[in-house]
Amino acid sequence: MLKLFNTLTGRKDVFEPIEPNKVRMYVCGVTVYDYCHIGHARSALVFDVMRRYLEYSGYHVEFVKNFTDVDDKIIKRAHEQGVACEAVTQKFIQAYHDDMGKLGVRQASIEPKATEHMAEIIELTRTLLKKGLAYQVDGDVYFDVAKYPEYGRLSKRRLDDLQAGARVDVDERKHHPMDFALWKSAKTGEPSWPSPWGPGRPGWHIECSAMSIKHLGETFDIHGGGMDLIFPHHENEIAQSCGATGKEFARYWIHNGFVQINKEKMSKSLGNFFTIREIFEQSEWSEEVTGEILRYFLLSTHYHGPLDFSDQALAEAKSALNGFYDLFGRLAEPGGNAMPDQGLDRSIDRCRATFRAAMDDDLNTPAAIAALQVLRSDANKLFGNDLSTKERQRVREKFQSLGNSLGLFQMDLDKKWQFKKEIVGSGTLQAGAATMTGIGTVFTPLSDALIETKVTERNEARRNKDFIQADEIRKYLADHGIIIEDKPDGTSRWKR
């Protein structure tokens, strides 16, 4: 039974969709004026996993995620570059798809743009005016928060205590400081659209209400986004949507936590602000981080809490993921003729049950990954029983099946390793300098003699119970593409 932490109720609620076997979900997307940062990646990944797990659980998911393509920041960027706003938004929508594609984030079922929904935005604003929940000042239209008694129920704030917050302009014409713009009158040099109140453009909040209602209906199941959107954005969405329709807007409000950099809040002013592209392209990371490694790292912390981004955390994710793919490589080899192992059956059943229990508990991805790590350990131990080819395939399929709901372990082994030639200063190819790029590793092949020496040193360390030294040697060999297989009799064998 799936439970999700609902910001609206402040507790974990049993998930019950409006329609059986169907989920309608809306997630606030990005404002497309710049490249996406690691915070955007976390939010996109959280709701990608939510969608995947709902589908794994048998639901059909209608997933809508918007692009805000008219905004002050977009207009400013267009003016700075001397181009049309459309040129800016098209560039960064494509960049968003490129970046998220590297992380394995699937595109939404529908990805609406604000500029394509002006008719719906104007009609929703007109409805609020007719109901007396909004008022017009010159060419601007504002929502009157005092006319909506339940304002503040999502963020648990009282109207009397609220002050003008993010994206709220101080305007003496407003009835209350927290009244927010539904429609903004046109300014010189800005894009505008005709309306009953004169030319202008929509406010930020009204866009999401209009788009979600059009594509998902007046009431739908899940509305998601980052915690920074709880107030004022999602609070205002509830007020204007419920005010206009007289119905509940979304039943479950899900919010992911913030990203910290080395335990400090990520911000440009602190110089610790990283875009997704920088993580893949910067020299200290580019040869070590793949999309799947970054995804594994982002899932290693529960989505509701803060996530600390650091080099060490990335390295740990890389090592853990390589451990899984080392196992998958062994599972791909021909098996023996041993009878089916009941211990394997128990391990698979235990993993599946633990995995489902973790994910049903508010998408606890760290606990779900831990269940997969236990199955990996069990499978490694069972190799001494000479697993049959069929059983090896069964284990690999279970990792792929459960991993798919996390977006992990889907890479084919024949695509995992790629070869590239390394060009040296003279422009000629250095003999034997082919560089192998693996799942987050770059290495030059070691000679057989050096590998044998390292394996002997590791065996000696194990006999002396110096497990730290043994692990360091194993990691060194793994970083150079060498897989070590420990046999029950205490000896080891290796392969590239």
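The values are calculated or read from the model by the stated rules, or taken from the named source; none is laboratory data. All of these numbers come straight from a predicted model, not from anything done at the bench. With ideal geometry, Cβ positions are generated from the backbone for all residues, glycine too; neighbour counts draw on all protein chains shown.
Just to be sure before I move on: is ASP311 over 18 Å from LEU45 (Cβ atoms), within 19 Å of the chain's Cα centre (by Cα) and of a type in the set (Asp, Glu) in the structure I sent? Yes. Filter region 246-256 down to the residues that are in contact with a Ser or Thr (Cβ under 8 Å, 6 or more places away or on another chain) and surrounded by fewer than 21 Cβ atoms within 10 Å (Cβ to Cβ) and list them by number. The answer is LYS247, GLU248, ARG251. From the list LEU331, LEU327, LEU314, LEU298, the lone residue that is under 23 Å from LEU2 (Cα atoms) and of a type outside the set (Phe, Trp, Tyr) is LEU298. Taking the listed residues ALA357, ALA315, the one that is within 27 Å of ARG496 (Cα to Cα), hydrophobic (A, V, I, L, M, F, W, C) and surrounded by fewer than 20 Cβ atoms within 10 Å (Cβ to Cβ) is ALA315, with no other qualifying. Among the conditions (1) more than 29 Å from THR275 (Cα to Cα); (2) over 17 Å from the mean Cα position of the chain (by Cα); (3) at pLDDT 95 or above, the only one that GLU55 does not satisfy is (2).
What about THR219, is it of a type in the set (Val, Ile, Thr) and outside the structural domain of PHE63 (by TED's automatic domain parsing)? Spelling it out, it is not the case that THR219 is of a type in the set (Val, Ile, Thr) and outside the structural domain of PHE63 (by TED's automatic domain parsing).
Only one entry of ALA78, ALA95 meets the criterion of being within 16 Å of TYR35 (Cα to Cα), touching a Lys or Arg at 6+ places or on another chain (Cβ under 9 Å) and of a type in the set (Gly, Ala, Ser), and that entry is ALA95.
Criterion first (among the hydrophobic types (A, V, I, L, M, F, W, C), modelled with pLDDT of 90 or more, more than 30 Å from LEU182 (Cα to Cα) and out of contact with any Pro (no Cβ under 7 Å at 6 or more places or on another chain)) does LEU294 satisfy it? Walk me through how you get there before you give the answer.
Working: among the hydrophobic types (A, V, I, L, M, F, W, C): yes; modelled with pLDDT of 90 or more: yes; more than 30 Å from LEU182 (Cα to Cα): yes; out of contact with any Pro (no Cβ under 7 Å at 6 or more places or on another chain): yes.
Yes.
Please state which of the following conditions ASP34 fails to meet, knowing it meets all the rest: (1) of a type outside the set (Lys, Arg); (2) closer than 17 Å to GLY101 by Cβ; (3) in contact with a helix residue (DSSP H, G or I) (Cβ under 9 Å, 6 or more places away or on another chain). Looking at each condition in turn, ASP34 falls short on (2). Selection within region 1-32: residues that are in a strand (DSSP E or B) and without any contact (Cβ under 8 Å) to a residue 60 or more places away in the chain. The member of this set that is farthest from the chain's Cα centre (by Cα) is GLU19. At least 3 residues being under 30 Å from ASP360 (Cα atoms) and in contact with a strand residue (DSSP E or B) (Cβ under 8 Å, 6 or more places away or on another chain) is the threshold, and among the helices (runs of 4 or more DSSP H) wholly inside region 33-102 those reaching it are 38-56.
Yes or no, residue by residue, for (1) part of a helix (DSSP H, G or I); (2) hydroxyl-bearing (Ser, Thr, Tyr); (3) modelled with pLDDT under 95:
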position: PHE328; (1), (2), (3): yes, no, yes
position: GLY343; (1), (2), (3): yes, no, yes
position: THR354; (1), (2), (3): yes, yes, no
position: LEU372; (1), (2), (3): yes, no, no
position: ARG376; (1), (2), (3): yes, no, yes
position: LEU382; (1), (2), (3): yes, no, yes
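Within region 169-223, the only residue that satisfies the criterion of being touching a His at 6+ places or on another chain (Cβ under 8 Å) and among the polar types (S, T, N, Q) is SER212. LYS465 meets all of the listed conditions (1) at pLDDT below 80; (2) more than 36 Å from the chain's Cα centre (by Cα); (3) of a type outside the set (Phe, Trp, Tyr); (4) within 21 Å of ALA320 (Cα to Cα) but one, namely (4). Condition test on SER405, is it surrounded by fewer than 14 Cβ atoms within 10 Å (Cβ to Cβ) and modelled with pLDDT of 50 or more? In short, no. Residues in region 83-94 that are surrounded by 15 or more Cβ atoms within 10 Å (Cβ to Cβ) and polar (S, T, N, Q): THR89 only. For ALA146, are the conditions met, namely being touching a His at 6+ places or on another chain (Cβ under 8 Å) and not in a loop (DSSP other than H, G, I, E, B)? Here the answer is yes, as ALA146 does meet what is asked.
Residue-by-condition table, conditions (1) surrounded by fewer than 14 Cβ atoms within 10 Å (Cβ to Cβ); (2) among the aromatic types (Phe, Trp, Tyr); (3) under 24 Å from GLY104 (Cβ atoms); (4) within 24 Å of the chain's Cα centre (by Cα):
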{"residue": "PRO334", "(1), (2), (3), (4)": "yes, no, no, no"}
{"residue": "ARG352", "(1), (2), (3), (4)": "no, no, yes, yes"}
{"residue": "ASP361", "(1), (2), (3), (4)": "no, no, yes, yes"}
{"residue": "ALA371", "(1), (2), (3), (4)": "no, no, yes, yes"}
{"residue": "THR389", "(1), (2), (3), (4)": "no, no, no, no"}
{"residue": "ARG392", "(1), (2), (3), (4)": "no, no, no, no"}
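Here ALA87 passes the criteria (1) assigned by TED's automatic domain parsing to the domain that holds GLY217; (2) closer than 30 Å to ALA239 by Cβ except the one numbered (2).
Okay, residues lined up against (1) surrounded by fewer than 19 Cβ atoms within 10 Å (Cβ to Cβ); (2) closer than 30 Å to ARG295 by Cβ:
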position	(1), (2)
THR68	no, yes
GLN81	yes, no
TYR96	no, yes
ALA119	yes, no
THR125	no, no
LEU128	no, no
VAL141	no, no
SER155	yes, no
